[in-house]
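Only one structure is covered here, and it is reproduced in the block below.
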C-alpha cells in the first residue's frame, strides 16, 4: 500500500523590537552593556514596582501587524503567563493572550499565501548563562520588547519554511522594526511540524522544535524531523506530542519535554495595565506610512524595468542596496544600473563611498562613449577608494575619451603611414592585422581615443585601399 | 509648636505606648528629625511651609521607602531594601510630612487581625486583649492609640476600613486609581488601594488631597482635580441613602445594629431620606473575592523566588528545589494557603468553574452597584458585623474573622470609594464603626457627609490617650 505523506509546518517567530528603552520601564535595550547594568526595580520585578507601557513598542508592533495584513484589535489587552524560571524576574511574563494586537493576517511569498494567526506584544525574559557548575543570570534582556508572530500551519516543506522566514525577515528589516539578527537572538524561531496521510489541516500530534537559530538550522531540523516522523509512522508507531531541540553538531533533534508534562500557564488579564486602546486613525496612518514591501518592489523592477530575477534577488536583499539601486535607476538606464551594482558593488557595505548620482554619471559616460567600459570600472574603483567624484578622477587622470572625428582620422592616417608592412598584411587577407593597427592608434592617443570610432575608421580606410588599391 | 517639638511629643508617646500596642515594626527618627529641623529653619526664615509640614505619619510595612527596609511583615523580605520610594511616600515627603516609622500588618496584607505578622501581633488600643483588625492593624492601632494623627494603610478587601472600625478611627478606601499603587507591594492588583487612617476628618482631607492623582508609574491612576470641598453649602436635605437589607442580615451583634439605627435617626432629623433596599448578598461578593484575590496573589507573589532576594537555601542545586525551599522557608501558613488556592482556581480543570465565573460575577456586582447609585447618593451599613474580637481566638472564632470584612467587599470589587467612621463605643468600651460607600470619585461627598454624621450623631474618633497597662495582662 502506498500513501502520500503531507508535511504540515507552522512557525512562531519572536522579534526584539528596535526601541531605545524596554517595554515597561525606561532601562536601555543596549545589547552590549555589561551584565545586569540595564536593570531597575521594574524589570527586576522588585516588590511594589509596576509596568508602564512603552508607546514606541506599540507603534513598531502595529507596523508589523499592519504589514502582515492583520486585522487589528482597536482594543487589545495584556495578560500574565505564569511560570517559574530563574531568569523570569516576576514569575510571570506579560504578554497578549486573550486579545492580541493583530490577528488573521497573511503574508504572500511567491505563489504561497501563508496565514498569520496572530501578532502580539510581550516582554523578553533574562538570559541564563551556564558556566560550568555555575549558573549566571543576566537581566539586561528582561523587559526588552518582543513581538511574537504565529503563522497558520500553511507551510508544506522544510525548504518552504526556510524561504518563508527569509522573506519575512526581509520584510521586517524593511519595516525597520527589528535588527532581525538571528545570531544575536533579536529574531528567534520555533517550528511546529507534523506529518499526515489524509487531507487534514494539522496533524494531531505535532512536535514543536525550539530555538532554531539560523536558516540552515530551520531547514535541517525540519528535514530531520520530517524523516524521523515518517519513519516512525511507517513502522506503525504513534508520534508523541512533544517539544524537541536541535543539536547543531550532531544534526539531530532531541527530546526536551513531553507535552503531557506541559505547563499550565494560568493566563489571566494583567491588572496593572489598562486596555490598550488605539486612537482613531492611528491604524490608517501606520498603513500610509508603510514602505513598499521588498517583495512588491522586486516585482515592480522585473515588470517595469525588465531587470533579471537573478539581479533583483541580489539587489533587494539589503534595503540600503535596494534604495541605492532605485535612485541610480532613475538617473541611468535601470538595466545598466542593476548590472553595474551587481557586478561591482555587492561586496561593499551600503551606502558605499559613491553616490547614486556618481554611479549614474559613470554609466552615462560609458554609454555616451566618453569612457570605455573597463575605464569606467577603473573610475568606479577610484571613486570607492578616494571618495572623489568621477568627473574629478577623469580629469586628474586625463581619461577623457576623445571622439572628435578629425582627430581620430589624423590618428588613423598616421598609423597607416608608419606601418606599411602591417597594412600590406591586411590587404593580402590577414584580417587580424587590423588589431595591431588599432592598438597602435590607441597607444598614440594614450588611450583617450574612442576605440569604437578608431575601429570603424581604420576598417573603412583599409577597405578603401583594398578596393581601389 | 515647632516641628521638632511635635516630633518629640510623638516619640515620647510611641516610647510609652508602643511597647504595649506593638503597632510599629521600624522607626526612622533620625530622618524625621532632620526633616523637622529643616522645616523649622524654613519657618524661621519666614518661608512658606508645605501643607503637611510637621505632621507625623506612619506607613504600613508594604509601602516602599528609600533607605527603609520593606518587609511586608514577612520572613521572606527580612533585610530587603527596595532602593526606591513609593509615589505616595514621595508625595508625603514633598508635602512636609514627618514619616516616623513602619507599621505592623498581616504578612503580605493577608489577614484581618495583624496576628499573621511574622514579627508579633498588634493589640487594640481600646482593649489590649483584642485584635486591632487587619491587615492594616498597625496603622489603625498607631492612630487609635494616639501615637500618630495619621497613617497610611492599604486595602484589598477591607484592610483599612475594618481595622479603622475596630480601633475607633476614620479609614478611607479611595476610588480604585485615585492613589498611585507604585511602591505598594501587590497582593491583588485589581483590588489593592493605598488609603489613609486618621483621628480627624480634616486630616483625612489633607492627606487625601496630597497623595492622590495620576502617576505615570501606575497606569491605572486618574487625575484627581475633582477633590474640592463644596464649602459651607453642604445641604443634607433630600439626600438619598440606601441600606441594603442583605448587609444587615450579616450583622448579628444587636449593639452594632442599634447604634447604626440611632445614627440613621439623627440623619433623618436633618432631612436625609433613608431607604432599605435589596442587594446581592455580600456572601456572594465574598465568594467572588475569595477567588479573585488569591488568584492574583498567586501571580503577584511568584517573584518571591529567593534568587534576587529572600531566603537562599545553600544546599539546593536544582533550581526548582531551590525556589520551593526558599518559598517554604520565607512564607507563613496563611500566605501559602492563599497562593495555593489562587493557583488552583486559575488552573485548567478548575478555572472555568472558579476564576472565569468569578470575573463574570464581579462585573454583575459592579453593574448592580452602578444601578443602585443611579437612585441613591450613598450606601450605608455598619463597617463590620461585630466589634474587635479577642487575640488568638482560635478556631471557634475563625468564621467571625473571615466574615469581618464582608461588608467591605462588594465596594472593593467594584473599585468604589468607602469610608469607615466611628460611631461610639459598645458597652465593653470597644469602638463601633459605620460604613459609607459612594459612587466612583465621590470622596469629597463621602467626606462631607462624614462630617455631617459626626455633627449630628456626636460620634467622633475614639483615640485612647491613656492606655491601661494592666488590661493586656
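The numbers here are math on the coordinates, done by the rules we state, and not lab data. Small disclaimer: the values here were computed from a predicted structure and weren't measured. As a convention, Cβ positions derive from the backbone with ideal geometry for all residues, glycine included, and neighbour counts pool all protein chains shown.
Numerical summary
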read-out: Ordering of B:21-34, B:294-307, A:390-403 by burial proxy (mean other Cβ atoms within 10 Å per residue, highest first); value: B:294-307, B:21-34, A:390-403
read-out: Calculated over the range A:6-285: convex hull of Cα atoms, volume per residue (Å³); value: 143 Å³
read-out: Kirkwood hydrodynamic radius over Cα pairs of chain A, then Stokes diffusion coefficient at 25 °C and 0.890 mPa s, in µm²/s; value: 91 µm²/s
read-out: Mean-position separation - Cα centroids, the range A:328-347 and the range A:56-78, in angstrom; value: 36 Å
read-out: Solvent-free Debye scattering, log10 I(q)/I(0), computed from the Cα coordinates of the range A:318-385 at q = 0.12, 0.21, 0.26 Å⁻¹; value: -0.25, -0.79, -1.24
read-out: Value of [θ]222 nm, deg cm²/dmol, for chain B, DSSP H segments ≥ 4, -39500 (n - 2.57) each, nearest 500; value: -12000 deg cm²/dmol
read-out: In degrees, nearest ten, helix A:158-175 long axis to first principal axis of chain A (Cα); value: 80 degrees
read-out: Inter-site label distance for residue A:446 and residue A:279 at 7 Å from Cα along Cβ, in nm; value: 6.6 nm
read-out: 0 to 90° range, to nearest 10: angle between helix A:405-418 axis and chain A longest Cα axis; value: 60 degrees
read-out: Relative contact order for chain B, counting Cα pairs under 8 Å that sit 6 or more residues apart, in percent; value: 18 percent
read-out: Cβ-based exposure ranking for A:85, B:350, in which fewest neighbours within 10 Å come first; value: B:350, A:85
read-out: Whole-Å distance, taken between Cα centres, linking the range B:1-76 and the range A:428-469; value: 105 Å
read-out: FRET efficiency estimate (nearest 0.05) - Cβ-Cβ, residue B:317 to residue A:346, R0 41 angstrom; value: 0.20
read-out: Globularity ratio of the range B:212-254, using Cα Rg and 2.2 N^0.38 Å; value: 1.99
read-out: Evaluated over the range B:58-97, the Cα radius of gyration and Dmax, each in Å; value: 10.4, 32
read-out: Net lengthening on full extension, residue B:370/residue B:324 (0.36 nm per residue, minus Cα-Cα); value: 12.2 nm
read-out: Length-normalised contact order of the range B:15-170 in % [C-alpha pairs under 8 Å, at least 6 apart]; value: 25 percent
read-out: Per-peptide average of other Cβ atoms within 10 Å, ordering B:378-386, B:234-242, B:215-223 highest first; value: B:378-386, B:215-223, B:234-242
read-out: Nearest 10 degrees, 0 to 90: helix A:433-444 Cα axis against chain A principal axis; value: 80 degrees
read-out: Interatomic Cα distance distribution for the range A:398-469, bins of 10 angstrom, percent; value: 21, 56, 20, 3
read-out: For chain A: relative contact order, % (alpha-carbon pairs under 8 angstrom, 6 or more apart); value: 13 percent
read-out: Semi-axis lengths (Å, descending) of the ellipsoid that matches the C-alpha gyration tensor of the range A:35-139; value: 31, 18, 12
read-out: Calculated FRET efficiency for the pair residue A:410/residue A:388, C-beta based, R₀ 25 Å, to 0.05; value: 0.15
read-out: Ascending count of other beta-carbon atoms within 10 Å, so fewest first, for A:349, A:154; value: A:349, A:154
read-out: Which of A:120, A:14, B:126, B:370 has the fewest Cβ neighbours within 10 Å, and the rest in rising order; value: B:370, A:14, A:120, B:126
read-out: Cα→Cβ-extended label distance, 7 Å offset, between residue A:288 and residue B:228, nm; value: 3.9 nm
read-out: Exercise: per-residue mean of other protein chain Cβ atoms within 10 Å, B:299-311; value: 6
read-out: 20 Å binning of all Cα-Cα separations within chain B, expressed as whole percents from 0 upward; value: 26, 59, 15, 0
read-out: Among B:64-71, B:99-106, the order from most to least packed when residues are scored by Cβ within 10 Å on average; value: B:99-106, B:64-71
read-out: Sites residue A:159 and residue A:127 - FRET efficiency at Förster radius 45 Å, r taken between beta-carbons, to 0.05; value: 0.90
read-out: DSSP beta bridge pairing in the protein assembly as shown, given as percent antiparallel to the nearest 5; value: 80 percent
read-out: Pairwise centroid distance, computed over Cα atoms, of the range B:322-368 with the range B:132-162, Å; value: 26 Å
read-out: Two-site label geometry, residue B:333 and residue A:74: point separation in nm, points 7 Å out along Cα→Cβ; value: 5.4 nm
read-out: Kirkwood Rh in Å, taken over all unlike Cα pairs in the range A:373-420; value: 12.6 Å
read-out: Relative counts (whole %) of C-alpha pair distances in the range B:1-126, using bins that are 5 Å wide; value: 2, 11, 19, 20, 19, 15, 8, 4, 2, 0
read-out: Tail weight of P(r) past 58 Å, computed on alpha-carbon pairs of the protein assembly as shown, percent; value: 32 percent
